[in-house]
Amino acid sequence: MKNGQRALRASATDMALVQIKHAGRIATVSFDRGTKANALSLDLMKELTVAARSFEDDHETACVVLRGRDDNFCLGFDLTDPATLALKEMPLSQRRIALSLGSRLCKAWEDIAPLTICAVEGWCVGGGLALAATCDLRVASDSTSFYIPEIARGLNMSWGSVPRITNLVGPAKAKRLILLAEKLTAADAVLWGLADRLAPSGGTYDAAQSWAETAAHMPPVALRMCKRDINAYANALAHVASHSDYDGFTLMHASDDAAEGVASFVERRPPDFTGS
């Protein structure tokens, strides 16, 4: 190879729910549970964490593109997943570790050394938005909607996402998104800074690929060093703000308000929260 330039590689890695494809210096991570909601089950979260950590010793990849289904990116943490429902029967010490999986998932994606770009089609909700916020850039389609319903379900917003989202949109807009559960269109998401580029419906992956190709032509070490510098500055206090949010999630997950929030959602009625 001339001047030590490595040959381009093309490969794919399959898990049950997540697929990783490499093409040259660009990797694509796709996840699909086979349902339109594409919600985050515990099994899917474990596979996505493994996928993120697979780049730890990868010195060739310049950019990782994350995508969900063609119709929806992700409608959040699956509260109806049998494995999630079984958590309530576990001892507190075991449940606490299990419920920290979301934090570990998001930290693994935030720690990826190459540039990360999230291609968001359709709905991006709750835990799906927490995952998307860990990426360096987000491409939304003109039909994409962003929504954080956690508080409306009697839960807190955790997984380290509160400081990440606040970094992107600022404190006041973060309160509107998280506290008031405002739904955000793709156009407004770009104006707010939650998304970085708008693409036609069905075109987010192609738009993400165009940025990925630009990254692939950058000097690889400099790209990674500068990304690390930017993140170190932007997230200097993030751990202080979110170091125990999974404990808060563990507490809220076992609360009467969380049970009421889920029941009211399933029964399609307004919730009646009591603070218990």
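The figures follow:
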| quantity | calculated |
| --- | --- |
| Among residues of the stretch 64-105, those that are of a type in the set (A, V, I, L, M, F, W, C) and touching a Gly at 6+ places or on another chain (Cβ under 8 Å), counted | 4 |
| Residue match in the stretch 144-153 (condition: modelled with pLDDT of 95 or more and under 28 Å from D14 (Cβ atoms)) | yes |
| Residue match in the stretch 233-241 (condition: closer than 30 Å to S276 by Cβ and either surrounded by 17 or more Cβ atoms within 10 Å (Cβ to Cβ) or at pLDDT below 95 (or both)) | yes |
| Residue that is nearest to F273 (Cα to Cα) [pool: residues in the stretch 215-232 that are without any contact (Cβ under 8 Å) to a residue 40 or more places away in the chain and part of a helix (DSSP H, G or I)] | A232 |
| Cβ-Cβ under 9 Å pairs, at least 6 apart or on other chains, the stretch 191-214 side closer than 19 Å to A62 by Cβ, far side among the aromatic types (F, W, Y) and assigned to a helix (DSSP H, G or I) | D196/W211; R197/W211 |
| Residue match in the stretch 135-151 (condition: out of contact with any helix residue (DSSP H, G or I) (no Cβ under 7 Å at 6 or more places or on another chain), buried (at least 20 other Cβ atoms within 10 Å of the Cβ) and over 21 Å from A207 (Cβ atoms)) | yes |
| Number of positions in the stretch 119-154 that are within 14 Å of the chain's Cα centre (by Cα) and in a strand (DSSP E or B) | 11 |
| Positions within the stretch 233-276 being acidic (D, E) and either part of a helix (DSSP H, G or I) or within 25 Å of P91 (Cβ to Cβ) (or both), in sequence order | D245, D247, D256, D257, E260 |
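The values are calculated or read from the model by the stated rules, or taken from the named source; none is laboratory data. Here the structure is a predicted model, which is why all the values come from computation and not from measurement. Every residue, glycine as well, gets a Cβ built from its backbone with ideal geometry; the counts of neighbours run over all protein chains shown.
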